[in-house]
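Input: a single structure, listed below in structure tokens.
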There are 2 protein chains.
Amino acid sequence: MKRFIEVEQLLKTQGIRLTAQRALVLRRAVAYLHFTAEELVKDVREIDASVARGTVYRTLALLHRAGVVEKHDFRYGPPNYEVTFAKAHHDHLMCVQCGEIIEFQEPRVEALQQAVVKRFGYQLLSHTHKLYGLCRACQHADPRRAPKHPHLHVEEVVA
Amino acid sequence: MKRFIEVEQLLKTQGIRLTAQRALVLRRAVAYLHFTAEELVKDVREIDASVARGTVYRTLALLHRAGVVEKHDFRYGPPNYEVTFAKAHHDHLMCVQCGEIIEFQEPRVEALQQAVVKRFGYQLLSHTHKLYGLCRACQHADPRRAPKHPHLHVEEVVA
DNA sequence: TGCTTGTTGAGACTGAGTCTCAAGTAGAAA
DNA sequence: TTTCTACTTGAGACTCAGTCTCAACAAGCA
Ligand SMILES: [Zn+2]
Ligand SMILES: [Zn+2]
Ligand SMILES: [Zn+2]
Ligand SMILES: [Zn+2]
């Protein structure tokens, strides 16, 4: 809820109108850690079926432009979105077997990125750094047992 | 041409049949540094219009399974493929303005990745590390001049 | 030669995302 | 309030990349 209100204020300062539909989309988005666009569509429409798919996509794009939402192209499954507003920068480690996503920070890598771009005369704008592997459980489990990239993590349930 | 023959031999040891269609797809693929699936379809069909789209995709998947081709999801534009067979591991730096792609190696980052996964008890299988920024030219150029993510780099022209 | 299996072309199909447009709001002005 | 304008929306058609199906077609083999 706190995140929701912070974002609400940010949008106001940017002159972006927070309609009822947008508020619902945002409220559901901040409830997730990572989510796909279609998951969010489904989730939102379960609460209010009159909200059109296009509206969810438009709002997602809006929030992205406003710097509230980031898009992650994980190699397995469809792209993932994340409300990164008011969250420290982090990169991701994913279990290719069960789909668990871990967020990590590694300042030494971030520093080396600057060194790399300097080598080529580039100005660094952004980066993605994703590690893929097997979590401890999946290293030992029967590979036929675990489902591939299932459910996403829901942080809290907002009514 | 050398790469083509090396790959040809690798496929033979894996018992994968190199049909005329597959050979054409492969021959065109090794001519590129990075390419999209649809670009390769177009390219191949310009030489032999009887080759079906499905065949190009199937061959790409085949080469991927054989460890010959890698897929890169750059954030801008459609996914890119690369024949990485007999090439040293590298990561990528992309200019978001003109689309230039630079390959770089940074062993210290590779080492730190191992440290990260160890922290979480993971076994590292693979990773992607992409830096996005502005090349020297685009930092100074009028932003309206340069086209966005254009042409891909062709390494050699194979008849 | 026939048998078996793998491969292909053609085209239907899918899923994710975009676009269009008429109808519906929210403010701002009067 | 009413009116004007600009923004937003729902509905659904559309696009594009990629996948699937299947009948026809080769390769390799006995
Ligand atoms: Zn980072
Ligand atoms: Zn995250
Ligand atoms: Zn690397
Ligand atoms: Zn490369």
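Of the residues that make up region A:94-113, is at least one touching a helix residue (DSSP H, G or I) at 6+ places or on another chain (Cβ under 8 Å), surrounded by 19 or more Cβ atoms within 10 Å (Cβ to Cβ) and within 30 Å of A:Q14 (Cα to Cα)? No: region A:94-113 contains no residue that is touching a helix residue (DSSP H, G or I) at 6+ places or on another chain (Cβ under 8 Å), surrounded by 19 or more Cβ atoms within 10 Å (Cβ to Cβ) and within 30 Å of A:Q14 (Cα to Cα). Out of B:L26, B:L40, one residue alone is crowded, with 20+ Cβ neighbours inside 10 Å, within 11 Å of DNA strand D (Cβ to nearest atom), at negative phi and assigned to a helix (DSSP H, G or I). It is B:L40. Looking across region A:56-91, the residues that are at the interface with chain B (Cβ under 10 Å from one of its Cβ atoms) and more than 10 Å from DNA strand C (Cβ to nearest atom) come down to A:H72, A:F74, A:R75, A:D91.
Among the residues of region A:114-131, the ones that are among the hydrophobic types (A, V, I, L, M, F, W, C), surrounded by fewer than 19 Cβ atoms within 10 Å (Cβ to Cβ) and at pLDDT 95 or above come to 3 in all.
Of the residues screened, B:R53 is not one that is within 16 Å of DNA strand D (Cβ to nearest atom), within 14 Å of chain A (Cβ to nearest Cβ) and either at pLDDT 95 or above or within 30 Å of A:Q114 (Cβ to Cβ) (or both). Go through region A:14-39 residue by residue and tally those that are under 16 Å from the mean Cα position of the chain (by Cα) and over 23 Å from A:A88 (Cα atoms). The qualifying residues number 2. Residue pairs whose Cβ atoms lie under 9 Å apart, separated by 6 or more positions or on different chains, with the first residue in region A:78-93 and on the phi < 0 side of the Ramachandran plot and the second within 16 Å of DNA strand D (Cβ to nearest atom) and among the basic types (K, R), do not occur. Of all residues in region A:48-65, those that are free of Cβ contacts under 8 Å to residues at least 24 places away in the same chain have Cβ atoms under 7 Å from Cβ atoms of residues that are part of a helix (DSSP H, G or I), 6 or more apart or on another chain, in A:R53/A:V41; A:Y57/A:A37. Evaluating A:K71 against the criteria (1) within 24 Å of B:Q97 (Cα to Cα); (2) within 16 Å of DNA strand D (Cβ to nearest atom) leaves one unmet condition, (2).
The values are calculated or read from the model by the stated rules, or taken from the named source; none is laboratory data. Just so it is clear, the structure is predicted and the values come from calculations on it, not from any experiment. Counting neighbours? That spans all protein chains shown, and the Cβs are built from the backbone with ideal geometry, glycine included.
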